[in-house]
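See structure below.
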Amino acid sequence: MKLKTLILAAGKGTRMKSELPKVIHRVNGIPMIEKIITICKNIGVEENILILGHKKETILEVVGDIPYVVQEEQLGTGHAIMQASELLKDYNGDIMVLCGDTPLLKESTLKEMYKQHKDSNATTTILTAICENPFGYGRIVKSEGKVVGIVEEKEASEAVKKIREINAGVYCFKSKDLFDALSKIDNNNEKGEYYLTDVIGINVKEGKLVECYTLEENIETLGVNSKVELAMASETLRERKNTALMDAGVIFIDPRNTYIEESVEVGQDTIIYPGVILQGNTKIGSNCEIIGNTRIVDSIISNSVKIESSVIESSVVEDRVTIGPFAHLRPKAHLKEDVHVGNFVEIKKSTLEKGVKAGHLTYLGDATIGEKTNIGAGTITCNYDGKNKFKTIIGKNSFIGSDSMLVAPVEIGDNSLVGAGSVITKDVPSNALAVSRSKQVIKFDWRK
Ligand code: UD1
Ligand code: CA
């Protein structure tokens, strides 16, 4: 494919009212600019080039290593594209221009638009949409069905303002013709900017063919200029994601109140209740139930797992585990098959082997706990001495009595029992009983 893209992302985005550059604001979890780059990569263009200016370092931190040119001063979209003329002076193919702030575009749209551009042999093809409310967009002005130019909102007469066909800000150009026309535009307009859209008028005057590729579903062309539009874009992406998951067999109780980021996978017949947030590289198996205000980020959850009102970060959870309500798995918790973790239990960097139960009010950090061991209510691994972290190792089939403090580093064997209320500072061998608490004293008739 002899096609490169230029992605506009140098503008200030004043209407966003934000310290951050506009294009790194996230839509359903993904920075807008990254979303656009991914779409372009997926349609197979040979190179994506960003046009950066305002806070370019911040944007580069997000997108990583990708070719870009710099627009030092933001003098308009036409001026922005001109900055790439040197880089592309020997390039003879097509250029697709996109804006970093239109995250709802679909791959299929860009593919079909480019196909039409090739088939028609047009100099320029504009992506347009018919809008109920065209306010703010450039209007496509036509005469006898043919494009004659694009007029920006600020320049529009009352008659032009009534035109409902808008410029989506995506174009296919023949590279040479684009840069040739750009050398002829000026900034004699309301904003005093060099408008890329003026290229169209020049094309037409020179008798070149300009075509539109017009969309039915016009939400796709939404340009995010404000926080309201940012929320609208996120909502649409969530809707698309949830629909795709339902099509693949996931059950939603209330899809409008379920927040699942693009990168998340969920298996068949898993039931997702309202209030659930699934983020990052999270993978959930089949036949699970995710209930209540649960947030799961960057975690792997296997099959038939039940989770209620809990937070799970960077953890692995195997088949038939039950979690919550109100549990917190912090990074590197690994819960093997049939584990149960209940109310107010926090687990960090610990492995719980098959069938371990920690039902209530417990902190397990830097610990390994053997198969079928029971962790009593209120058990705490004291893993931190103020300076360093230490490990707690517990064998299988052991029983840790309620309110035990396990002062790490410490090791407890298999089949052992720790008496309730103990502070364990020394290793406990297998098959032993360890108790460390003061003897109960009774003073008869003391109240008198
Ligand atoms: C632009 C179009 C308008 C179209 C709309 C679609 C022009 C003149 N107008 O208007 O016809 O309907 O997009 O969403 O092109 N940018 C730069 N450098 C600049 C100015 C802008 O890189 O000097 C970038 C911005 O970062 C942004 C994109 O270009 O990603 C579009 O700029 P924006 O100010 O949002 O243009 P609109 O007013 O929305
Ligand atoms: Ca815009």
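Only the coordinates and a few stated rules stand behind these numbers; no lab work does. Because the structure is a prediction, the values reported are computed rather than measured. Neighbour counts run over all protein chains shown; Cβ positions are idealised from the backbone, glycine included.
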Task: Anisotropy class of the stretch 3-221 from Cα gyration tensor, a/c 1.5 cut - done: rounded
- [ ] Post the alpha-carbon centroid distance, the stretch 91-161 to the stretch 371-435, in whole angstrom.
- [x] 68
Open item on the list: Distance cut-off 28 Å, Cα to Cα: go down the list K111/K154; K154/K241; K12/K332; K89/K115; K332/K372; K22/K161 and report the pairs above it.
Closed with: K111/K154; K154/K241; K12/K332
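For every helix of n ≥ 4 consecutive DSSP H residues, a contribution of -39,500 (n - 2.57) applies; sum these over the chain, divide by its total residues, and give [θ] at 222 nm rounded to the nearest 500 deg cm²/dmol. Let's see the in-between values first.
Values: 8 runs with 80 residues, N = 448.
Only helices count here, giving -5000 deg cm²/dmol.
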Task: Residues in the stretch 95-132 reached by a label modelled at E155 [backbone nitrogen below 20 Å; 7 Å Cα→Cβ] - done: 97-99, 123-129
Task: For the stretch 3-221, size of Cβ-based charge dipole, Lys and Arg +1, Asp and Glu -1, in debye - done: 240
- [ ] Taking the dipole about the Cα centre of the chain, with the C-beta of Lys and Arg at +1 and of Asp and Glu at -1, give me whichever of V250, L104, I163 is farthest to the positive side.
- [x] V250
TODO: Show me 414-427, 245-258, 301-314 ranked by packing, highest mean number of other Cβ atoms within 10 Å first.
DONE: 301-314, 414-427, 245-258
TODO: Please identify, among L433, L196, L278, the residue showing maximal mean-square fluctuation in a Gaussian network model of the chain using a 10 angstrom Cα cutoff.
DONE: L433
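Grab the Cα-Cα distance for A244 and K184, subtract it from 0.36 nm times how many residues apart they are, and report the gain in nm with one decimal. Numbers along the way, then the final one.
Details: separation 60, 0.36 × 60 = 21.60 nm, distance 4.62 nm.
Residue separation times 0.36 nm, minus the Cα-Cα distance, leaves 17.0 nm.
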TODO: Mind checking the full-extension length gain between K146 and E19? Use 0.36 nm per residue of separation minus the Cα-Cα distance, one decimal, nm.
DONE: 41.5 nm
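Given a Förster distance of 60 angstrom, what is the FRET efficiency for N397 paired with T58, based on the Cβ-Cβ distance and rounded to 0.05? Kindly include the intermediate steps, with their values, before the conclusion.
Details: r = 54 Å, r/R0 = 0.90.
Computed FRET efficiency for N397 and T58: 0.65.
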Open item on the list: Pick from G207, G145, G64 the residue whose mean-square fluctuation is largest in a GNM of the chain, springs joining Cα atoms under 10 Å.
Closed with: G145
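Which value, in debye to the nearest 20, describes the size of the charge dipole of the chain about its Cα centre when Lys and Arg Cβ atoms bear +1, Asp and Glu Cβ atoms bear -1, and nothing else is charged? Don't jump to the answer; show the numbers that get you there.
Values: 56 positive and 61 negative charges, 323 e Å.
Dipole of the chain, to the nearest 20 debye: 1560 debye.
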TODO: Distance from a point 7 Å along Cα→Cβ of N303 to each backbone N in the stretch 319-340: keep the residues under 19 Å and list them by number.
DONE: 319-323, 335-339
TODO: Mind scanning K142/K162; K348/K426; K4/K146; K336/K396 and naming the pairs with a C-alpha gap bigger than 24 Å?
DONE: K4/K146
Open item on the list: For a test of the definition: using alpha carbon positions, the gyration tensor, and the 1.5 limit on a/c, classify the stretch 378-431 as rounded, prolate or oblate.
Closed with: oblate
- [ ] Express in nm, to one decimal, how much length is gained between L209 and S85 on full extension, taking 0.36 nm for each residue of separation and deducting their alpha carbon distance.
- [x] 42.4 nm
Task: Electrostatic dipole magnitude of the stretch 1-104 [Cβ: Lys, Arg +1; Asp, Glu -1; Cα centre; debye, to 20] - done: 420
